[in-house]
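Trainee: Right, I'll just put the structure down here and ask away after.
The values are calculated or read from the model by the stated rules, or taken from the named source; none is laboratory data. All figures in this text were calculated on a predicted structure; none of them were measured in a lab. Ideal geometry is used to build each Cβ from the backbone, glycine not excepted, and the neighbour counts take in all protein chains shown. When the accessible area is computed, the model is the full protein with side chains, heavy atoms only, and any ligands, DNA or RNA have been set aside. Shrake-Rupley method; radii C 1.70, N 1.55, O 1.52, S 1.80 Å.
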Amino acid sequence: MALTRPGYLLRAMLVGGFALLAAGGVLHLADQPGLGDLAWLTTGVAGAVWSAYLVLGALRGGRLGVDAIAVVAIVGALLVGELFAAALITVMLASGRALEARAAGRARAELTALVARAPVEARRYADGRLEVVPLDAVGRGDVLLVRSGEVVPVDGRVERTAAVLDESALTGEAAPVTRAVGDGVRAGVVNAGGPFDLLATTSAADSTYAALVRLVEQASADSAP
C-alpha cells in the first residue's frame, strides 16, 4: 500500500469503520436517526478521503486499481444521501485491504523461509578428496556429497548408492521417496536417508530450487489486476 504508515491507518479505518457502522445502526434502532446518520457520515467521509489518498499513491506508482471505484462509490453515495451505503463501502474497502495485507505478510514469511533453507555451500569431490565450496562454484559435471539431513544444492543424478529423499518442499508429498542410482534429483529436496553422491547436471542459478525462489519472489511482488 502506498501509505506512509499503512499498518496503523488501515487498522484505524477497519476498527473505526466497523464501530461507527454498528453505532449508526444501534442509534437508528434507538430512535436517534440524526446521531446514527452522523456516525455513518463520518465513516463515509473518512473512507472517501482515505480511498482518494490510496488512488493518488497508486497513480504515483503508475497503477490504477479498485480504490478509484471506491472513491466514486463513496462520494456518489454521500452526494445522494445514502450514508449507510457510504459507510458500508468504506468498511468493505478496509476489510479487503486488511485481507490483502495479511496475505502479503504470509507470502513474505513463506518467501523468507524458502530463501533461508537454501544451501549456500556444497561438498565437492576434487582429486579424491572432499572440499567445501560456495554454491556458486558448483558446475555441471561436478560430483557432490549430500549428507543426511542436507538440502540437495543443485539438480543432478544419484551416483553409486540409492538416495532416500524428502521431496515435500517441492511436491507436498510427505512420504520419503527412494531414488535409484542414475535417477534425477531436483534441488531443494532434503536427504532423508544416508549420505549419497550427486552428479550435478545444472549450476545453482539454473536449478529447480533457484527457479522456484524466483517464481515466488515475482508472485510476491506482483498484484492482481
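Trainee: Fully extended, how many nm does the chain gain between ALA211 and ASP136 (0.36 nm per residue separation, minus their Cα-Cα distance)?
Mentor: 25.5 nm
Trainee: Same structure, new question: When Lys and Arg each count +1 and Asp and Glu each count -1, what net charge do the other residues less than 12 Å away from GLY188, Cβ to Cβ, add up to?
Mentor: -2
Trainee: For the stretch 146-183 and the stretch 13-45, what is the centre-to-centre distance using only Cα atoms, to the nearest Å?
Mentor: Here the answer is 60 Å between Cα centres.
Trainee: Quickly estimate the mean residue ellipticity at 222 nm for the chain, helices only: each DSSP H run with n ≥ 4 gives -39500 (n - 2.57), and the total goes over all residues, rounded to 500.
Mentor: It lands at -18000 deg cm²/dmol.
Trainee: Moving to a separate point now. Residues with amide H under 5 Å of GLY193's amide H, sequence separation 5 or more or different chain, H placed in the peptide plane at 1.01 Å from N; which?
Mentor: Result for GLY193 returns GLY149, VAL164.
Trainee: Shifting gears a bit: Report the one residue of SER95, ALA116, VAL66 whose Cα lies farthest in the direction of the positive end of the charge dipole of the stretch 55-126 (charges on C-beta: Lys and Arg +1, Asp and Glu -1; origin at the Cα centre).
Mentor: Working it through, the farthest residue towards the positive pole turns out to be ALA116.
Trainee: Using the alpha-carbon atoms, what tilt in degrees (0 to 90, nearest 10) does helix 33-60 show relative to the longest principal axis of the chain?
Mentor: That works out to roughly 40 degrees.
Trainee: Something else about it: What length, rounded to one decimal in nm, is gained on full extension from ASP127 through to VAL164, with 0.36 nm per residue of separation minus their alpha-carbon distance?
Mentor: 10.6 nm
Trainee: Could you give the angle, 0 to 90 degrees to the nearest 10, between helix 83-116's Cα long axis and the longest principal axis of the Cα atoms of the chain?
Mentor: 10
Trainee: Mind checking the dipole of the stretch 119-205: about its Cα centre, +1 per Lys or Arg Cβ, -1 per Asp or Glu Cβ, Debye to the nearest 20?
Mentor: 160
Trainee: Could you tell me the center-to-center distance, by alpha carbons, between the stretch 125-140 and the stretch 49-105 in angstrom?
Mentor: 55
Trainee: Just how large is the dipole of the stretch 154-224 about the Cα centre, in debye to the nearest 20, putting +1 at every Lys and Arg Cβ and -1 at every Asp and Glu Cβ?
Mentor: The dipole of the stretch 154-224 has a size of about 140 debye.
Trainee: Treating only the Cβ atoms of Lys and Arg (+1) and Asp and Glu (-1) as charged, compute the dipole magnitude of the chain about its Cα centre; round to the nearest 20 debye.
Mentor: 300
Trainee: Give me the percent of the accessible area of the chain that comes from carbon and sulfur atoms, probe 1.4 Å, all protein chains in place.
Mentor: Of the solvent-accessible surface of the chain, carbon and sulfur hold 62 percent.
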